[in-house]
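A.B. asks: Here you go, one structure.
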């Protein structure tokens with residue numbers, strides 16, 4: 001069974017992007033076109049399809065002109081969709097919410113590489129491009145033992161200079177965030193609501209502290225309330241943001257199960273504690289899949305993480321040499 005142990009250091013890495021040459025979104029009209037497309041969803045398009053079209057074209061404005069028929073006159077007294085989107089952008093900026101679109105250079109590079117990459121991200125706090133990050137997630141109704149494991153893993157990740165990513169949910173997520181902050185580390189909260197909301201309500205102070213000392217990210221429009229379908233989307237974003245996912249404690253129907261499965265689909269390593277494997281059929285079904293690891297102690301979790309970091313550093317060094325020649 002999982003044992004309690006402690007401590008260790010490493011440095012941020014960069015990651016290449018398949019869309020590095022098509023960044024147009026700094027122009028205000030590009031941002032307005034992207035927001036307008038997401039608001040009106042021409043032809044009932046899903047956000048994912050709109051994102052794919054924008055990435056292919058390298059321009060939200062080009063997609064707008066192609067998909068939205070020009071009108072001779074807007075409704076009397078009402079702004080056009082592009083004007084309304086521009087007004088929204090100005091209001092968001094006044095409130096201090098950073099908006100990062102999929103075409104921006106500042107969009108997280110690893111996240112852009114996944115199929116479910118959100119078209120936009122709202123952010124509060126400081127962005128660190130290419131930071132080494134590991135998701136630490138698990139059950140909302142965690143045991144004391146599970147909470148202790150989450151805190152111990154978080155502290156050790158901090159000692160290695162690794163950013164701890166979690167979802168600000170009750171239980172394991174909260175323990176991971178709090179332990180990271182207490183250890184003086186950097187944590188990223190990927191939330192399942194709009195950036196102007198807090199869920200659960202008791203984590204309001206924690207969300208504010210993470211915004212002040214780390215980063216809060218939301219892929220939803222600012223006032224979006226918590227809805228069931230949003231949390232699996234949030235889990236996909238967490239998987240895409242980090243180098244790996246650690247599942248500390250989870251049940252058969254836990255959201256962490258979804259993140260484990262989608263991380264495997266992303267080709268990102270997944271570390272399952274022995275308790276997760278023993279108690280869940282879904283976890284046992286993942287064993288043997290590429291990149292899936294089981295850990296029965298803190299030392300085993302960290303050994304896998306160290307290997308993942310070393311491998312990524314080797315890839316980055318090789319890419320750097322390739323670019324330099």
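A.B. asks: Considering only residues that are crowded, with 21+ Cβ neighbours inside 10 Å and in contact with a strand residue (DSSP E or B) (Cβ under 6 Å, 6 or more places away or on another chain), look in segment 93-119 and name the one that is farthest from residue 59 (Cα to Cα).
C.D. replies: Among residues in segment 93-119 that are crowded, with 21+ Cβ neighbours inside 10 Å and in contact with a strand residue (DSSP E or B) (Cβ under 6 Å, 6 or more places away or on another chain), the one farthest from residue 59 (Cα to Cα) is 107.
A.B. asks: So residue 256 passes all but one of these: (1) without any contact (Cβ under 8 Å) to a residue 12 or more places away in the chain; (2) buried (at least 20 other Cβ atoms within 10 Å of the Cβ). Which condition number does it fail?
C.D. replies: Condition (1) is where residue 256 drops out.
Results for (1) assigned by TED's automatic domain parsing to the domain that holds residue 150; (2) under 23 Å from residue 157 (Cβ atoms); (3) touching a residue at least 12 places away in the same chain (Cβ under 8 Å), shown as yes or no for each residue.
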| position | (1), (2), (3) |
| --- | --- |
| 284 | yes, no, no |
| 289 | yes, no, yes |
| 294 | yes, yes, yes |
| 299 | yes, yes, yes |
| 304 | yes, yes, yes |
| 309 | yes, yes, yes |
| 312 | yes, yes, yes |
| 323 | no, no, no |
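A.B. asks: From 131, 156, 62, which residue is in a loop (DSSP other than H, G, I, E, B) and over 23 Å from residue 224 (Cα atoms)? Please lay out each step first, then the result.
C.D. replies: On the way: 156 fails: in a loop (DSSP other than H, G, I, E, B); 62 fails: in a loop (DSSP other than H, G, I, E, B).
The unique qualifying residue is 131.
A.B. asks: Out of segment 291-300, which residues are assigned to a loop (DSSP other than H, G, I, E, B) and over 20 Å from residue 264 (Cβ atoms)?
C.D. replies: Hits for segment 291-300 are 296, 297.
A.B. asks: Of the residues in segment 183-223, how many are in contact (Cβ under 8 Å) with a residue 12 or more places away in the chain and assigned to a helix (DSSP H, G or I)? Break it down stepwise before answering.
C.D. replies: The first filter runs over segment 183-223 and keeps only residues in contact (Cβ under 8 Å) with a residue 12 or more places away in the chain, leaving 183-197, 199-200, 202-203, 206-207, 209-223.
Keeping just the survivors that are assigned to a helix (DSSP H, G or I) gives 202-203, 206-207, 209-213.
Count: 9.
A.B. asks: Still on this structure: Please find, within segment 196-210, the residue that is surrounded by the fewest Cβ atoms within 10 Å (Cβ to Cβ) out of those that are farther than 17 Å from residue 186 by Cα and touching a helix residue (DSSP H, G or I) at 6+ places or on another chain (Cβ under 8 Å).
C.D. replies: Filtering segment 196-210 for residues that are farther than 17 Å from residue 186 by Cα and touching a helix residue (DSSP H, G or I) at 6+ places or on another chain (Cβ under 8 Å), the one surrounded by the fewest Cβ atoms within 10 Å (Cβ to Cβ) comes out as 198.
A.B. asks: Answer yes or no as to whether residue 232 is in the same structural domain as residue 157 (by TED's automatic domain parsing) and either farther than 22 Å from residue 245 by Cβ or assigned to a helix (DSSP H, G or I) (or both).
C.D. replies: On the way: in the same structural domain as residue 157 (by TED's automatic domain parsing): yes; either farther than 22 Å from residue 245 by Cβ or assigned to a helix (DSSP H, G or I) (or both): yes.
Yes: the conditions hold for residue 232.
A.B. asks: Answer yes or no as to whether residue 131 is under 30 Å from residue 297 (Cβ atoms) and surrounded by 22 or more Cβ atoms within 10 Å (Cβ to Cβ). Walk me through it before giving the result.
C.D. replies: Working: under 30 Å from residue 297 (Cβ atoms): yes; surrounded by 22 or more Cβ atoms within 10 Å (Cβ to Cβ): yes.
Answer is yes for this residue.
A.B. asks: May I ask you to list the residues in segment 134-155 that are within 21 Å of residue 309 (Cα to Cα), in contact (Cβ under 8 Å) with a residue 40 or more places away in the chain and surrounded by fewer than 24 Cβ atoms within 10 Å (Cβ to Cβ)?
C.D. replies: Of everything in segment 134-155, those that are within 21 Å of residue 309 (Cα to Cα), in contact (Cβ under 8 Å) with a residue 40 or more places away in the chain and surrounded by fewer than 24 Cβ atoms within 10 Å (Cβ to Cβ) turn out to be 152, 155.
So that you can scan it fast, the table gives a plain yes or no per residue for (1) assigned to a helix (DSSP H, G or I); (2) in contact with a helix residue (DSSP H, G or I) (Cβ under 8 Å, 6 or more places away or on another chain); (3) crowded, with 16+ Cβ neighbours inside 10 Å:
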residue	(1), (2), (3)
263	yes, yes, yes
268	no, yes, yes
282	yes, yes, yes
289	no, yes, no
302	yes, yes, yes
306	yes, no, no
314	yes, no, no
318	yes, no, no
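The values are calculated or read from the model by the stated rules, or taken from the named source; none is laboratory data. Here the structure is a predicted model, which is why all the values come from computation and not from measurement. As a convention, Cβ positions derive from the backbone with ideal geometry for all residues, glycine included, and neighbour counts pool all protein chains shown.
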